[in-house]
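Down below is the structure, laid out as structure tokens.
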Amino acid sequence: MTNKIILLFTLFTLLFQSYSSAQGYEISINIKNLKESNIYLGHHYGNRIFLVDSVILDKSGKGIFKKQENLGGGLYFLLYPHGQYFDFLIDEDQNFSISADTIDFIKTVKFKNSYQNEKFFIYQNFLSNSFININQLKEKQKTLIRNLDSIMIVEQQIQVLKNKIYLEKEEIVKEHPDSLISVLIKAGMPIIPPPAPRDTSGILL
């Protein structure tokens with residue numbers, strides 16, 4: 001994560017910890033094809049990561065992270081065998097479930113009672129598919145070195161995909177301006193400067 005994203009998530013975590021009441025958390029896990037294994041709940045904090053809880057899945061791949069203290073809001077991760085992991089969000093809703101398949105966690109993961117994480121993973125899949133398409137088009141460009149017209153057509157296709165990514169980010173931030181996912185998106189979006197001041201005749205000041 002960039003320093004800007006790290007700072008924003010750290011501030012969000014501190015604010016969340018200040019105002020949240022101690023109700024505890026309960027995160028149910030159901031991972032297909034992963035039985036009787038240790039998995040860990042971790043937290044990105046600043047430029048470091050911390051393991052905050054662990055559970056041993058049963059023969060059905062089920063387990064529960066549960067404690068009486070609230071978790072601080074922010075970006076967390078689920079760490080499973082062989083160093084594999086995926087990120088998700090924790091906010092005030094700390095009683096939810098996660099199900100997935102080891103074949104492809106990102107594409108199979110599902111959340112129950114966590115609307116923000118549903119949006120987060122839809123967004124992640126959208127980004128992943130968009131960047132795959134962009135990279136494919138860039139590879140295509142390399143084969144068109146002597147055909148400038150075709151290169152420009154492919155470049156326009158790439159720009160269309162980039163514009164769709166930007167519009168998707170804007171839409172999420174507009175719909176959920178104070179959510180964690182919006183904090184993450186805004187931290188990675190370019191800063192658009194305000195228009196330069198002009199006098200009544202339209203001349204730049």
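Each value in this text was obtained by applying a stated rule to the coordinates, not by laboratory testing. Here the structure is a predicted model, which means the values were calculated and not measured. Cβ atoms come from the backbone with ideal geometry, glycine included; neighbour counts cover every protein chain shown.
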- Note on the structure: Everything considered on the Cα gyration tensor (a ≥ b ≥ c; rounded for a/c under 1.5, else prolate if a/b is larger than b/c, else oblate), the stretch 67-200 must be described as oblate
- Phi-derived 3J(HN,Hα) across the stretch 120-133 with the Karplus relation (6.51, -1.76, 1.60, θ = phi - 60°), rounded Hz, x for Gly and Pro, is 4, 7, 4, 5, 4, 5, 4, 4, 4, 5, 5, 6, 4, 5
- Query: Check Asp53: other-chain or 5+ apart residues with amide H under 5 Å from its amide H, H built from backbone geometry?
  - Reply: Leu41
- Find, among the trypsin sites (Lys or Arg not before Pro) in the stretch 119-165, those assigned to loop by DSSP (not H, G, I, E, B) with at most 14 other beta-carbon atoms within 10 angstrom. Arg146
- Message: In whole Hz and in residue order, list the ³J(HN,Hα) couplings for the stretch 79-85 that follow from phi through the Karplus curve 6.51 cos²θ - 1.76 cosθ + 1.60, θ = phi - 60°; x for Gly and Pro.
- Response: 9, 10, x, 6, x, 7, 7
- Task: Over every pair of different alpha-carbon atoms in the stretch 24-137, take the mean of 1/r and invert it; report that Kirkwood radius in Å.
- Result: 14.8 Å
